Structure formats: structure tokens, C-alpha cells
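Have a look at the structure below before the remarks.
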Amino acid sequence: MDCRFFREQIVSESYDQLDADAKKSLKAHLQTCRECEQFQVSLNETQQTLDQWEEVDSPIDIEALHDVIQPKPLSLPPQLPAWRWLAWGVAACLILTLSLSVLAWIGVDVKWADRGLTLRIGQESVPEITEQELVRLLQAERHATQVEIVKQLQGALDEFSKQLQVHLEERQKQADAQLVLIYQGLQSQRVQDLGFIRQELQHLAGATEAEFLETQRAFEFILASHVSEIQKNMK
Amino acid sequence: MEKSDEALMLQLQTGDLLSFDTLVKRWEKPLLNYCYRMVNDVALAEDLRQEVFLRIYRSTKTYRPTAQFSTWMYRIATNLCLDILAKQRRRKETPIDAYLESESDGFDERLIDPSGAPDAVVLKKEIKDRVRSALARLPENQRVVVTLRHYNDMKFHEIAEILECPISTVKSRMAAGLERLSKMLSEQE
């Protein structure tokens, strides 16, 4: 290992950060290396000199630091008391009333109309209107009324169509439900009828079989009587 | 029993500002001296110290006690100091020697022992100036390591964690730094 490695070891040892094995190894090296030994001596001197630099002390201003990390809220101007606000309000109303009175006295008409606040000074002159103009105006008004009526009718018709559509849909649903019920009723009636027919057929088959047996017995009896009569005649 | 730094940080996370004050009081002096030794300017070091505490406060919510608080704090301080030094280099501001000259008055008076004999006081100041001058001439990567190990008593592995480099690098920088300091101090004598 070279001296550079051991010089790092010397530094570590000077700060007591060297394990026992490394210390032994270093000790052995120092016994053989004059340069590293000198390095160790000069290192100790350097460290002692470095220790001469005393620490500075300048306590931090905690309050100032608090101000930086948590800025204080801005101070608002003091609020006026409620009576002052009331006094200001009354004064404002009085000034407004007085102003309107003065305006009315000097003939200025102030109105709040559809188009906002309007000011009118003196009497408004009514312009002359011709008969033709009047007719034209009436026609225009009539036309406007008709258009309005048509619009209203159209709206009502649309509403009626919608309601009718809804009603038809409901009726359709009801009809479908009734058809389902009828179909179910017919189905059950059919099942009942088939059961009845099966019973009747079984009953008929039983009666036919009994009748057949009786007829067979009658034939056998007749046959037997005929045979006995033939035998008697032959004798 | 004093609470650990990590416990104080966790308390600070709950909004307890007093724990922050305790941390500030505990670390203000070591941090100031670390920054001072790095930038060689007391006023700048004070500003840097305040900035470090501000960053610590602002990072409270994200702080996780996975590493030692001191390691984390010195990492912030180191990055700030290195940034400032880099900016100074780029702007070619007042060279570091100018600080050595300009700071020989004023603040240094606080360090002088008033009870000491005049010769001893002068000698002490001279040695201190030599150390400052030598440390200021060290390359930044060596100055960080020497300062943290020698003055702030950080272990090599902690310094490696702060600088995010291998321990072997830290040790080699330390050895090189001390060797260089040794030469510079002997030359000045």
C-alpha cells in the first residue's frame, strides 16, 4: 500500500475514527516510513493551529425570524362605530331628497324607465301625426300582434303534441299490459279445457270397453243358445 | 432530558413554534460558524444561517426523520454556501482576500480576550488570521470536508451523506486539505 493510503489513515486516526487492526497496520508503516511520520507530526501541529480559530457568536433575532416565517397580518384601519354609519346614511338620504326636490322645482323630470334613468326638462311636445301614418302604425301593431299570437299558438301546439305523445305512450303501455293479461288468461283456459277433454276421453274409453264386454257376453250367450238349439234339432 | 432534534422537528410539524425556537437556539452558533468558515464573511454567514433556518421551517411538512437532523441541516447549508461561492466566482465579486483585509476590524474585536496581555492578544489574532486566510484558500470541496470534520465534529460517513459521495472521497479530500493547510500555514510563519 502506498503512503497516500496511510496518510488518510493518519487523518482518520487523528479524529479517532480508525479501528484496532488499521491502527496496528499504520503503526507498523510509521516505523518504516519517515515521511509519513513527519506528516503525522505536521498534521498534529496543523490541527492545533486550526483550533486557534475561535468561534464567532452572533445570536439570531428570533422575533425577526418569526416575522419572516410567519408574516404578521396587515393592520386594518379602525372600523367606524355603528352610529357613525347611521348618521352618514341619514345625511345621504337627506341630500338625495333635497336634490330631487330642487330638480322638481326647476322643472327637471327624473324618471327610471326601461332604458335606465332619464332626465327631462320642461313639457314634452306631442308631434303631429297623419292619418296614413296612424294607419301604418296600427297595421304594424296588428301585424306584430298576429305574429305574437301565431308564436303563442305554435307554442301551445307544441306543448299539446308533447302531451299527446306522452298520453299515447301511456295508452300503448296499458294496452300491452292488458294483452299480456288476456294471453295469460287464454293460456290457462286452454290448459283447463285440455284437462277436461282428457278426463272425458278417459271416461268414454272406460264406458266403451264396458259396453263392448257386455255385447261380447250377449253374443256368447246367443251363440251358446243357438248351438244348443242346433244340437237339440240334430238330435 | 433534552429532546432530540428529530423529535423537535416532529413537534414542529404539529405547529409547535417553540420547538423551532429550541432548534434555532441549539444550532445557531455551529451553523453560523460553519457558514462563516465557508464564505469567510460574517454578515453573509448570518444571512445564510437565516436562510437555512427558513428552508428548514418551510420543509417542515415534508420532513421525514430518516436521517439525522444535523446531516440534513448541514446539507442545506453546504448547498447554499457552495451556491453563493459559485455566484461570487461568476460575478467576479470582491476576491476572498479582500474579505480577509476588510474583516480585520470590527467583528474580530469580539473575539479578543480583554483580559489577555497585549502581545498575546496580537499573537492570537495573527494566528487566527493565518488560519482564516489558509482555509479561505483551500479548494471548496476540501474546505467543506475540513470544516465539517474539524470544526463541526461530523463523522466521515456523515460528511459523505451530506455531500452525497463515497467515504473514501471524503477521506482523501480531508487528507489533501490538511496537507495543503499544513503547507500554507508553515509558509506564512
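The values are calculated or read from the model by the stated rules, or taken from the named source; none is laboratory data. Worth saying up front: this structure is predicted, and the values here are computed from it rather than measured. Ideal geometry is used to build each Cβ from the backbone, glycine not excepted, and the neighbour counts take in all protein chains shown.
See the values below:
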read-out: Per-region count, segment B:127-154, residues charged (D, E, K, R), within 13 Å of A:GLU54 (Cβ to Cβ) and more than 15 Å from the chain's Cα centre (by Cα); value: 2
read-out: Cβ pairs under 6 Å, 6+ apart, first in segment A:207-235 and modelled with pLDDT under 95, second assigned to a helix (DSSP H, G or I) and not small (Gly, Ala, Ser); value: none
read-out: B:THR22 in contact with a helix residue (DSSP H, G or I) (Cβ under 6 Å, 6 or more places away or on another chain) and either free of Cβ contacts under 8 Å to residues at least 12 places away in the same chain or among the β-branched types (Val, Ile, Thr) (or both); value: yes
read-out: Output for segment B:151-188, where each listed residue is facing chain A (nearest Cβ under 10 Å), without any contact (Cβ under 8 Å) to a residue 12 or more places away in the chain and under 18 Å from A:VAL41 (Cα atoms); value: B:ALA175, B:GLU179, B:SER182, B:LYS183, B:SER186
read-out: Per-region count, segment A:27-71, residues of a type in the set (Gly, Ala, Ser) and exposed (fewer than 14 other Cβ atoms within 10 Å of the Cβ); value: 2
read-out: Residues located in segment B:48-63, provided they are in a helix (DSSP H, G or I) and away from every other protein chain (no Cβ under 11 Å); value: B:LEU48
read-out: Hits in segment B:127-145 (condition: closer than 12 Å to B:MET184 by Cβ and within 9 Å of chain A (Cβ to nearest Cβ)); value: B:ARG130, B:VAL131, B:ARG132, B:ALA134, B:LEU135
read-out: Complete set of residues in segment B:7-44 that are facing another protein chain (nearest Cβ under 8 Å), among the aliphatic types (A, V, I, L, M) and crowded, with 18+ Cβ neighbours inside 10 Å; value: B:VAL24, B:LEU32, B:VAL42
read-out: Per-region count, segment A:12-70, residues more than 8 Å from chain B (Cβ to nearest Cβ) and assigned to a helix (DSSP H, G or I); value: 27
